[in-house]
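Here the structure is laid out as structure tokens; the discussion comes afterwards.
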Amino acid sequence: MTNSKFLPLACLGLLTFAGCSGMREANGTFTVHAESFRFFGLVIPGDDQAKATSLVPAGAQVISVHSTPADWTSVRGVLGNLFGFHTTQISGQKKG
């Protein structure tokens, strides 16, 4: 495979894996996650924090939230918005 064919395939692979989200449950606890890829402020496929929040079960007690900075006021946030993977993970306990 030549280098000219590798770059588009690599980009397609990154964009495919960037749209991952899901939930894991065990023993009354849960963890949800979502990822996105950012390129010059463009979020592909969508906001990871909003997606992860939408996966939290109704009535659950959220214990921890970890999210990659997506602001334009910090060095880490700016670098991540220019080119980077953003992740959000929410963990907690299900009620009922």
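The values are calculated or read from the model by the stated rules, or taken from the named source; none is laboratory data. Because the structure is a prediction, the values reported are computed rather than measured. As a convention, Cβ positions derive from the backbone with ideal geometry for all residues, glycine included, and neighbour counts pool all protein chains shown. Note: areas computed on protein heavy atoms with side chains; ligands, DNA, RNA excluded. Shrake-Rupley method; radii C 1.70, N 1.55, O 1.52, S 1.80 Å.
Roll a 1.4 angstrom probe over the protein heavy atoms and tell me the percent of accessible area of the chain that is carbon or sulfur.
Carbon and sulfur together cover 62 percent of it.
Considering only T53, T31, T73, give the residue with the highest GNM mean-square fluctuation for the chain, with springs between Cα atoms whenever their separation is below 10 Å.
Maximum fluctuation in the GNM of the chain, among the listed residues, is at T73.
Which value, in Å², gives the accessible area per residue of the chain when a 1.4 Å probe is used on the protein heavy atoms? Spell out each step's value before the answer.
Details: 6440 Å² over 96 residues.
That works out to 67 Å² per residue.
Rounding to the nearest 10 and keeping the result within 0 to 90°, find how far the Cα-based axis of helix 3-18 lies from the longest principal axis of the chain.
Relative to the chain, helix 3-18 is tipped by roughly 10 degrees.
Scan the chain and hand back the longest stretch that contains none of the chymotrypsin sites (Phe, Trp or Tyr not before Pro) lying in DSSP loops with at most 14 other Cβ atoms within 10 Å.
Longest site-free region, per DSSP loop and neighbour criteria: 1-39.
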